[in-house]
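Student: Can you read through this structure? Questions will come right after.
The values are calculated or read from the model by the stated rules, or taken from the named source; none is laboratory data. Since this is a predicted model, take the numbers as computed values, not measurements. Because the Cβ atoms are built from the backbone with ideal geometry, glycine has one as well, and the counts that use them run over all protein chains shown.
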Amino acid sequence: MKNGLEDVIAAETQLSDVDGAAGRLVIRGVSLDHLVGDAYYEDAAVLLLDGLMEQPLSEEDLRRRLGQARAEIFAHVAAIDDGLLRLPPVDIMRALVARLSDAADFASALRLLAAPAVFLPAILRRKKGCEPLAPTPSLSQSADILAMLDGRRPSAEKVRALDAYLVTISDHGLNASTFASRVIASTGAGLTSSVLGAIGALKGPLHGGAPGPVLDMLDAIATQGNAKPWLADALDRGERLMGFGHRIYRVRDPRADALKSALKPLIEAGEVDRGRVELAKAVEQAALAILKERKPDRPLDVNVEFYTALLLEALGFPRDAFTGVFAIGRTVGWIAHAREQALEGRLIRPRSVYVGPMPKAA
Ligand code: COA
């Protein structure tokens, strides 16, 4: 047995390959650095889902039907009541997703792809005391999410940046939430159950809950000169530096660089606070140096969450909503894995080693 199942192979997949030594991510045969520059969210969705649904998929058809699915899903935002509004955004999203029927066909998949994208902007508006804005089915998923957030037509740079983010995080091997999705699918339960279980796994700070705390760290450090002493104090207290380290990558997480590049057009368009970016770069350098010094036996580098934090902040999402945006992007990976598991796998049922007391002999 390996604690945390480290290095244990638990599935065969054609969906994505995470090469931790080379720092490379391949999604269905396409390297992330090729995919991220060109692809819209809808392209990544077709890439991941094609062949796993009851019908062949095209980008045009998926875009059209996803727009319709967003319009249909909007009726569910009426269920956001005052009780739900007291919860964090990702928990409200989970409660709303739980209302959807639980099947495994393409129509169900489309509803689940549309649901987090419609729910999160509506939740954020309700939390600010504003009415939710209805989706515009003719827009792309990314453009519509941003439009539903603040009611304005988003700039092309912002739409491209959100596409880059959603594509970058669409799938990533057998991470904790994806594994949860596959375990649930292996029992024969529907896609809604898989996505719900996966959202639950995603929200923890060791998985998808890290980017909000990255911004808390940048705020606390505040000035470039304060980076080194602040980070040293945090490590002295036994804390982990958010946005660093990974179970698989022993080098830089390729998604960090994809997102750093996606930030550039936003910086050039004046849509990002330049001071924030400079501070982040200084913190990154200081953190890498101190982690090397303190943990010489464990290569710890930047992970996806560090630049996620800057990108999502620039797109206007509040930090407590970052895990929800992650869920918008990762749902397609969860669904693809659930379908792959259902089509090709068996019930996932490992064994445990009992280390508790035995009954006393009579
Ligand atoms: N800051 C400081 N130390 C870290 C660290 C971090 N971000 N990540 C790992 N370490 C240290 C651990 O303290 C441990 O040191 P020790 O052996 O001296 O006790 C060692 O590296 C190995 O850690 P371990 O917990 O076995 O690694 P893991 O594979 O279980 O953890 C993460 C992977 C991602 C959970 C971990 O790196 C982490 O907590 N990172 C911060 C949270 C984060 O950014 N999450 C987003 C992931 S995409």
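Student: If you check 279, 263, which single one turns out to be more than 29 Å from residue 16 (Cα to Cα) and either out of contact with any helix residue (DSSP H, G or I) (no Cβ under 9 Å at 6 or more places or on another chain) or more than 16 Å from the ligand (Cβ to nearest atom) (or both)? Walk me through it before giving the result.
Tutor: Details: 263 fails: more than 29 Å from residue 16 (Cα to Cα).
Answer to the check: 279.
Student: Residues that are over 22 Å from residue 304 (Cα atoms) and polar (S, T, N, Q): list the helices (runs of 4 or more DSSP H) wholly contained in region 183-239 that include at least 1 such residues. It would help to see each step written out before you state the result.
Tutor: Values: elements: 191-202, 211-221, 227-236.
Ranges flagged: 191-202.
Student: Now a separate question. Given the conditions (1) part of a helix (DSSP H, G or I); (2) farther than 25 Å from residue 138 by Cα; (3) among the basic types (Lys, Arg), report the number of the one that residue 99 does not fulfil.
Tutor: Of (1) part of a helix (DSSP H, G or I); (2) farther than 25 Å from residue 138 by Cα; (3) among the basic types (Lys, Arg), only one is false for residue 99: (1).
Student: Another question about this same structure. Could you list all residues from region 73-90 that are out of contact with any Gly (no Cβ under 8 Å at 6 or more places or on another chain), buried (at least 17 other Cβ atoms within 10 Å of the Cβ) and outside any loop (DSSP other than H, G, I, E, B)? First the steps, then the outcome.
Tutor: Let us first name the residues in region 73-90 that are out of contact with any Gly (no Cβ under 8 Å at 6 or more places or on another chain), namely 73-88.
Subset that is buried (at least 17 other Cβ atoms within 10 Å of the Cβ): 73-74, 76-77, 80, 88.
Once the filter is applied, which keeps residues that are out of contact with any Gly (no Cβ under 8 Å at 6 or more places or on another chain), buried (at least 17 other Cβ atoms within 10 Å of the Cβ) and outside any loop (DSSP other than H, G, I, E, B), region 73-90 yields 73, 74, 76, 77.
Student: If you don't mind, there's one more thing I want to ask. For the structure I just gave you, tell me whether residue 284 is within 15 Å of the ligand (Cβ to nearest atom), surrounded by fewer than 18 Cβ atoms within 10 Å (Cβ to Cβ) and of a type in the set (Asp, Glu).
Tutor: On the way: within 15 Å of the ligand (Cβ to nearest atom): yes; surrounded by fewer than 18 Cβ atoms within 10 Å (Cβ to Cβ): no; of a type in the set (Asp, Glu): yes.
The answer is no for residue 284.
Student: Output yes when any residue across region 145-159 is without any contact (Cβ under 8 Å) to a residue 60 or more places away in the chain and either under 12 Å from residue 117 (Cα atoms) or among the acidic types (Asp, Glu) (or both), and no when none is.
Tutor: Applying the first criterion (without any contact (Cβ under 8 Å) to a residue 60 or more places away in the chain) to region 145-159 yields 147-148, 151-154, 156, 159.
If we keep only those that are either under 12 Å from residue 117 (Cα atoms) or among the acidic types (Asp, Glu) (or both) as well, we get 147-148.
Yes, region 145-159 contains at least one residue that is without any contact (Cβ under 8 Å) to a residue 60 or more places away in the chain and either under 12 Å from residue 117 (Cα atoms) or among the acidic types (Asp, Glu) (or both).
Student: Yes or no: region 242-255 includes at least one residue that is at pLDDT 95 or above, within 16 Å of the ligand (Cβ to nearest atom) and among the aliphatic types (A, V, I, L, M).
Tutor: no
Student: Report, by residue number, each residue of region 193-206 that is in contact with a Ser or Thr (Cβ under 7 Å, 6 or more places away or on another chain) and buried (at least 24 other Cβ atoms within 10 Å of the Cβ).
Tutor: Just the residues of region 193-206 that are in contact with a Ser or Thr (Cβ under 7 Å, 6 or more places away or on another chain), to begin with: 194-195, 197-198, 201-203.
If the condition is that a residue be in contact with a Ser or Thr (Cβ under 7 Å, 6 or more places away or on another chain) and buried (at least 24 other Cβ atoms within 10 Å of the Cβ), then 194, 195, 198, 202 are the ones that fit.
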